[in-house]
1. Can TYR86 be described as hydroxyl-bearing (Ser, Thr, Tyr) and within 21 Å of LEU72 (Cβ to Cβ)?
2. Give ILE137, ILE177, ILE169 a once-over and let me know the one that is open to solvent by 60 Å² or more (accessible area, probe 1.4 Å) and among the aliphatic types (A, V, I, L, M).
3. What number of residues within segment 85-117 are in a helix (DSSP H, G or I) and either open to solvent by 90 Å² or more (accessible area, probe 1.4 Å) or not small (Gly, Ala, Ser) (or both)?
4. Please indicate, with yes or no, whether at least one residue in segment 116-133 is under 18 Å from ARG78 (Cβ atoms), at pLDDT 90 or above and within 14 Å of the chain's Cα centre (by Cα).
5. Please work out which one of (1) over 21 Å from LEU82 (Cβ atoms); (2) of a type in the set (Phe, Trp, Tyr); (3) without any contact (Cβ under 8 Å) to a residue 24 or more places away in the chain; (4) open to solvent by 40 Å² or more (accessible area, probe 1.4 Å) is the condition TYR148 fails and give its number.
6. How about segment 1-38: which of its residues are among the hydrophobic types (A, V, I, L, M, F, W, C) and farther than 30 Å from LEU72 by Cα?
7. Looking at segment 5-43, which of the residues that are of a type in the set (Val, Ile, Thr), more than 14 Å from ASN54 (Cα to Cα) and touching a helix residue (DSSP H, G or I) at 6+ places or on another chain (Cβ under 7 Å) is least open to solvent (accessible area, probe 1.4 Å)?
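The values are calculated or read from the model by the stated rules, or taken from the named source; none is laboratory data. This is a predicted model, so every value here is computed, not measured. Quick reminder, even Gly has a Cβ in these numbers, built from the backbone with ideal geometry, and neighbours come from all protein chains shown. Side chains included, ligands, DNA and RNA excluded: accessible areas come from the protein's heavy atoms. Shrake-Rupley method; radii C 1.70, N 1.55, O 1.52, S 1.80 Å.
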Amino acid sequence: MFLNKLIIKQRKALKISQSQLASGICTQATVSKMENQGLAPSSQTLVQICERLNLTLNDVFSDFNDETKEKLQEKIDRSFTLMSAYRFDEAEKIINTIDEKQSQEKHLKTVLYFLKGNLALNQRKDFDEAQYYFNWILEEKSNQRDSYERLLALNGLGIIYFQKNKLQIADHYFEEIYEVLLVNQRIFVNKK
């Protein structure tokens, strides 16, 4: 939820008017601009408004971060969908709008790196770049043997080596996927 929506929601929940919220802090016009136009006030004004609304700055910024994470997740989901339909150019345009630092903060970097590796492999046939991204995922997920990102990275590396006609190496990666799936199948069967 963006700041303006959060302020409106909390102000209405407390049943106070814009004028009451602004009283002694700023003008009613400032509150109106915050709510209707999304204009950010000075930090001092924001602190005072948060206090009056019984909000902490953490409430304000965590809501902003949730909104950012949702938008980031939407971009990643859309990129996956486009890649599944072999629409790599469209997927790449979306991926290029993703801030890598932000994806790291939102714990989505491994997924972003899978998408980048997949683009390098399938669109540009740049095996070195694809290997970089897939190997990064394997290192990051080394303690999560059956994470889907790790399995996808193993598959990507298997495809790279298969295309390089290095079949023994490709077989190693595909065999590792098979072992993980076999173990999970046994666990699933034993639970029944």
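1. Considered against the rule, which asks whether it is hydroxyl-bearing (Ser, Thr, Tyr) and within 21 Å of LEU72 (Cβ to Cβ), TYR86 comes out as no.
2. On the way: ILE137 fails: open to solvent by 60 Å² or more (accessible area, probe 1.4 Å); ILE177 fails: open to solvent by 60 Å² or more (accessible area, probe 1.4 Å).
From the options ILE137, ILE177, ILE169, the qualifying one is ILE169.
3. Taking segment 85-117 first, the residues in a helix (DSSP H, G or I) are 88-95, 100-105, 109-117.
Narrowing the set further to residues that are either open to solvent by 90 Å² or more (accessible area, probe 1.4 Å) or not small (Gly, Ala, Ser) (or both) leaves 88-90, 92-95, 100-102, 104-105, 109-116.
Number satisfying all stated conditions: 20.
4. Narrowing segment 116-133 to residues under 18 Å from ARG78 (Cβ atoms): 116-119, 122-123.
If we keep only those that are at pLDDT 90 or above as well, we get 116-119, 122-123.
Still in the running and within 14 Å of the chain's Cα centre (by Cα): 116.
Taking every residue of segment 116-133 in turn, at least one turns out to be under 18 Å from ARG78 (Cβ atoms), at pLDDT 90 or above and within 14 Å of the chain's Cα centre (by Cα).
5. (1)
6. Here is the first cut: in segment 1-38, the residues among the hydrophobic types (A, V, I, L, M, F, W, C) are 1-3, 6-8, 13-14, 16, 21-22, 25-26, 29, 31, 34.
Across segment 1-38, the qualifying residues are LEU14, ILE16, LEU21, ALA22, ILE25, CYS26, ALA29.
7. Initial filter on segment 5-43 (of a type in the set (Val, Ile, Thr)): 7-8, 16, 25, 27, 30-31.
If we keep only those that are more than 14 Å from ASN54 (Cα to Cα) too, we end up with 25, 27, 30-31.
Filter once more, keeping what is touching a helix residue (DSSP H, G or I) at 6+ places or on another chain (Cβ under 7 Å): 25, 30-31.
Working: ILE25: 35, THR30: 48, VAL31: 1 Å².
If we take residues in segment 5-43 being of a type in the set (Val, Ile, Thr), more than 14 Å from ASN54 (Cα to Cα) and touching a helix residue (DSSP H, G or I) at 6+ places or on another chain (Cβ under 7 Å), then VAL31 is least open to solvent (accessible area, probe 1.4 Å).
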